[in-house]
Amino acid sequence: MEETLNRLFHLKERGTSVRTEMLAGLTTFVTAAYVLAVNPSIMSAAGMDAGSVFTATALVCFLGTCVMALLTNYPFVLVPSMGLNAYFAYTVVLGMGYSWEVALAAIFLEGVVFAAISLTSLRDKIFEAIPLNLKYAISAGIGLFITIIGLRTSGLVVSSQATLVSIFSFTGSVADGTFNTAGISVVLFVVGLIVTAVLMARNVKGNILLGILITWVPGIVCELCGIYVPDAAAGYASLLPDFSNGLAVPSIAPTFLKMDFSQIANLGFLVVTFAFLLTSLFDTVGSLIGLGAKAELLDEEGNMPAVRGAMTSESVATMIAGLLGNSATCCSVECAAGIAEGGRTGLMALTTGVLFLLSMFLSPIFLAIPSFATAPALVVVGFLMASSVLKIDFNDPCEGIPAFLCFMGMPLCYSIVEGISLGIISYVLINLLCGNRKKISPMMYVLAVVFILKYVLI
């Protein structure tokens, strides 16, 4: 068996072994498994069945990662994007009013277009057309967008008619009798956020997953002691896992093949699909370059030999996600943990994928994890992505101002697509009026016109 695996994955050529690859795969799974708790929590906000989304998440991670492993032999794992699932639920469904079935159709269509782009030079043209500072701004903006969602779902940040948003009032919750639900949830979130930050600062492996568990377990203790009192009507469910049905895998029927293409001729639908596509494109290419460099998979010129296969794998995984009922996928940055353990081949990815498949039998545990326990993970992931803002050139207003509008527009407008459109339109107009026509590629003009039409016609 070891010889067969060595031949299939070229282990000796990359200076690794079966044991090293499997240990790296386990490390990656422990680091990335939080998506099994966070993704159903976010997608259920759009009205989707949490159990079905959980099963779909595990299957998408398994199938997409297997395609990546076998098609490229790279140590990359595909999981639902923590930015695009938030855009799916909070912007497309709750904000724009589309049904989640229509949003799934946009996910599937985006995967088809992504696959077509991956096989042509158009992929490079679109990616190269976006200025570097806007690319950094998009990544940073998604990080801020995820962070505001984490703070809102935790209950720490609440709506305010006077200031749009405000901080949770503990004295108010005691006065109105909600401290045993909302109040204690916010307290546990704050504790979980601090714990997760400390674990990350100390480079503890699986820090995000550990942070979720360390936040959840005290919640269970609080419920058993009567400090936390479940109130399903108010959105505060029991924190205890429900093993009444054993370890049965939740049915995927509520979301399987539920795509609704009735809005495909609608410009708004096409803009949503384009936003999914643009974000997936930048996210995938950026992750592949960063992780490829860490795994020493880039050639002398900094290129990745099988990048087309990797992009194709990403598009196939996204199409699978649309079919099963899930958000668009991305190359998990948590792969870096496995790569640091010595993972260099698709065997590492395959190991992680199999572990995601086996995790379906632990659904009672993952589905019982409350939003206040998964919210710290969103904030921490947002922090990691927001660090891209440090790479933006703020010394040049023609570059800095569009980038600023881009990454600030996402959390303030509560939409990834609005941030992207503000960045692209302002970049074209500012540079055009400042006489910097040579900086603007033809593709940028096209993108600006598309987004302007969006505001005119929608």
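The values are calculated or read from the model by the stated rules, or taken from the named source; none is laboratory data. Bear in mind that the values here come from a model prediction, so they are computed numbers and not experimental data. In this analysis, Cβ positions are derived from the backbone assuming ideal geometry, glycine residues included, and neighbour counts consider all displayed protein chains. SASA here: full protein model, heavy atoms, side chains in, ligands and nucleic acids out. Shrake-Rupley method; radii C 1.70, N 1.55, O 1.52, S 1.80 Å.
First compute the accessible area of the range 313-458 with a 1.4 Å probe, then give the percent of it belonging to carbon and sulfur atoms. Please list the in-between numbers first.
Working: 4150 of 5490 Å².
Reported share for carbon and sulfur atoms: 75 percent.
So who's got an amide H within less than 5 Å of the one on VAL158, skipping anything under 5 residues away but keeping other chains? H placed 1.01 Å off N, in plane.
When sequence neighbours closer than 5 places are left aside, the close amide H contacts are SER166, ILE167, PHE168.
Give me the percent of accessible area attributable to carbon and sulfur for the range 169-284, probe 1.4 angstrom.
Taking all protein chains in place, the range 169-284 shows 68 percent carbon and sulfur surface.
For the pair MET1 and SER159, how long in nm is the line joining their label points, each one 7 Å along Cα→Cβ?
5.5
Sort ARG344, ARG308, ARG19, ARG437 by accessible area with a 1.4 Å probe, largest first.
So the residues, ranked largest to smallest area, are ARG19, ARG437, ARG308, ARG344.
Which whole-number percent gives the relative contact order of the range 1-123, counting Cα pairs below 8 Å spaced six or more residues apart?
Details: 82 pairs, mean separation 22.9, N = 123.
RCO, the range 1-123: 19 percent.
Going by accessible area, probe 1.4 Å, with all protein chains left in place, what is the ranking of LYS12, LYS439, LYS135, largest first?
LYS12, LYS439, LYS135
Using only Cα atoms, what is the ratio of the radius of gyration of the chain to 2.2 N^0.38 Å?
Relative to the rule-of-thumb radius for its length, the chain sits at 0.97.
Which value, in nm² and rounded to one decimal, describes the direction-averaged projected area of the C-alpha convex hull of the range 321-458? Intermediate results must be reported in sequence, preceding the final value.
Working: hull surface 52.0 nm².
Dividing the Cα hull surface by four gives the mean projection, 13.0 nm².
Heavy-atom accessible area per residue, the chain, 1.4 Å probe: how many Å²?
With all protein chains present, the chain gives 41 Å² per residue.
Rounded to the nearest 500, what is the 222 nm mean residue ellipticity of the chain from helices alone, with -39500 (n - 2.57) per DSSP H run of 4+ residues and division by all residues?
Using -39500 (n - 2.57) per qualifying helix, the result is -20500 deg cm²/dmol.
Report, by chain and number, residues whose modeled amide H sits under 5 Å from the one on TYR236, excluding near sequence neighbours (fewer than 5 apart, same chain).
Placed amide hydrogens put ASP231 under 5 Å from TYR236.
Using every alpha carbon pair in the range 22-160, what percent of pairs falls into each 5 Å bin from 0 up to the bin containing the largest distance?
Computed distribution, short to long bins: 2, 8, 13, 18, 20, 18, 13, 5, 1, 0, 0.
Compute the separation of the alpha-carbon centres of the range 145-179 and the range 202-235 and state it in Å as a whole number.
With the range 145-179 and the range 202-235 each reduced to a Cα centre, they are spaced 19 Å.
Would you check the accessible area of SER169, probe 1.4 Å, heavy atoms only, in square angstrom rounded to 10?
So the heavy atoms of SER169 present about 60 Å² to solvent.
Can you list which of the DSSP-assigned H helices in the chain have a Cα extent of 24 Å or more along the long axis and an average Kyte-Doolittle score of at least 0.0?
Answer set is 50-72, 100-118, 132-154, 184-201, 207-225, 267-294, 307-324, 416-433.
Where Rh is the Kirkwood radius over the Cα pairs of the range 1-98, the temperature 4 °C and the viscosity 1.567 mPa s, what D in µm²/s does Stokes-Einstein return?
D = 85 µm²/s.
With every protein chain left in place, what is the accessible area of THR196 in Å² (1.4 Å probe, nearest 10)?
0
Under 5 Å between amide hydrogens, which residues at least 5 positions from CYS330 or on another chain qualify, with H placed 1.01 Å from N in the peptide plane?
It is VAL79, SER81, by chain and number.
Below 8 Å, C-alpha to C-alpha, sequence gap of six or more: please give me the relative contact order for the chain in percent. Don't skip to the answer; put the middle values down first.
Details: 810 pairs, mean separation 161.9, N = 458.
For the chain, the relative contact order is 35 percent.
So how much accessible area does CYS225 have, in Å² to the nearest 10, using a 1.4 Å probe?
90
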